[in-house]
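Novice: My questions will all concern the structure given below.
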Amino acid sequence: MTHRKIMKMFLYGDLAHTNKDLEATFKAVSKTHFFPFFQADFVATLCYVIRGLIEIKAINKKAIAELST
């Protein structure tokens, strides 16, 4: 399972409940011994996404400052 699939499973199968297939997958996976590994992967992937967004924000602020001068 890829990082993207794990993230989608948590976001749309558990947190948002917008995808019935992913919700079923989440419920099935949550009953396995591997679930803590999926949770850890989700949190790690979320951290990477947040760091990326912070970097993009910094780049955009710099670009706006340069364009304003």
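Novice: Please find, within segment 33-69, the residue that is farthest from the chain's Cα centre (by Cα) out of those that are among the polar types (S, T, N, Q) and either open to solvent by less than 60 Å² (accessible area, probe 1.4 Å) or over 22 Å from residue 2 (Cβ atoms) (or both).
Specialist: Selected residue: 69.
Novice: Assuming residue 32 fulfils every condition listed in (1) part of a helix (DSSP H, G or I); (2) modelled with pLDDT of 95 or more apart from one, which condition is it?
Specialist: Every condition holds for residue 32 apart from (1).
The values are calculated or read from the model by the stated rules, or taken from the named source; none is laboratory data. Just so we're clear, the structure is a prediction, and the values are computed from it rather than from any experiment. So basically every Cβ, Gly included, is an ideal-geometry build from the backbone, and we count neighbours across all protein chains shown. When the accessible area is computed, the model is the full protein with side chains, heavy atoms only, and any ligands, DNA or RNA have been set aside. Shrake-Rupley method; radii C 1.70, N 1.55, O 1.52, S 1.80 Å.
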